[in-house]
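First the structure, in the form of structure tokens, and then the observations on it.
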Amino acid sequence: MSDLEKRKYPSGSGLDCGRSIKQLKESPSRIRVMEKFVDFDEGIKAILQRDSRYARDAYDFVREALDYTRIWMEKKGHLTGQQLLEGIRKYALEQFGPMAKTVLNLWGVKTCEDFGSIVFNLVDQKVFSKTPEDSMEDFRNGYDFVEAFEKPFKN
């Protein structure tokens, strides 16, 4: 953690961004999309009816990771796929430590492309929004899960 992060985000918070999981989960469950509010829980139920590749927890995690990344990057607006992937990696390591890859795999998430599929399922359901430049390609050239989630804990 950088000196700036140490000053800005108190240690012992469980998150570098200084917010607890409880606070993230209590954030509004509605995201404004095209002047219409879409309920996150209803959106997930609809997604899971048509696409059961990923556990409900994977969708909750991506939403929490989005909130985390915006706080960590001090960014209020849109995040690129690469920015979100980096935030997801960082958040997973903080939340699950050496078990991050195992937990993600249990939820059906085995590659960065899986995160992209989750994001675009949320976009298709009008829970998340995207810009014209956003595409699945943003998630295809992500990190290797072993390098990202196991290597940091090996001597």
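Criterion applied to Gly142, Gly108, Gly87, Gly116 was being of a type in the set (Gly, Ala, Ser), crowded, with 17+ Cβ neighbours inside 10 Å and either farther than 25 Å from Asp41 by Cβ or more than 14 Å from the chain's Cα centre (by Cα) (or both), and the one residue passing it is Gly142. Do the conditions hold for Gly116, that is, is it closer than 22 Å to Val38 by Cβ, without any contact (Cβ under 8 Å) to a residue 24 or more places away in the chain and of a type outside the set (A, V, I, L, M, F, W, C)? Against the criterion (closer than 22 Å to Val38 by Cβ, without any contact (Cβ under 8 Å) to a residue 24 or more places away in the chain and of a type outside the set (A, V, I, L, M, F, W, C)), Gly116 does not qualify. Of all residues in region 119-139 being hydrophobic (A, V, I, L, M, F, W, C) and out of contact with any strand residue (DSSP E or B) (no Cβ under 8 Å at 6 or more places or on another chain), which is nearest to Glu42 (Cα to Cα)? Only one residue fits best here, namely Leu122.
Look at Glu86 and say whether it is modelled with pLDDT of 95 or more and under 25 Å from Leu48 (Cα atoms). When the stated conditions are applied, Glu86 does not pass them.
The values are calculated or read from the model by the stated rules, or taken from the named source; none is laboratory data. None of these values were measured; they are calculated from a predicted model. Positions of Cβ are backbone-derived with ideal geometry, glycine not excepted, and every protein chain shown enters the neighbour counts.
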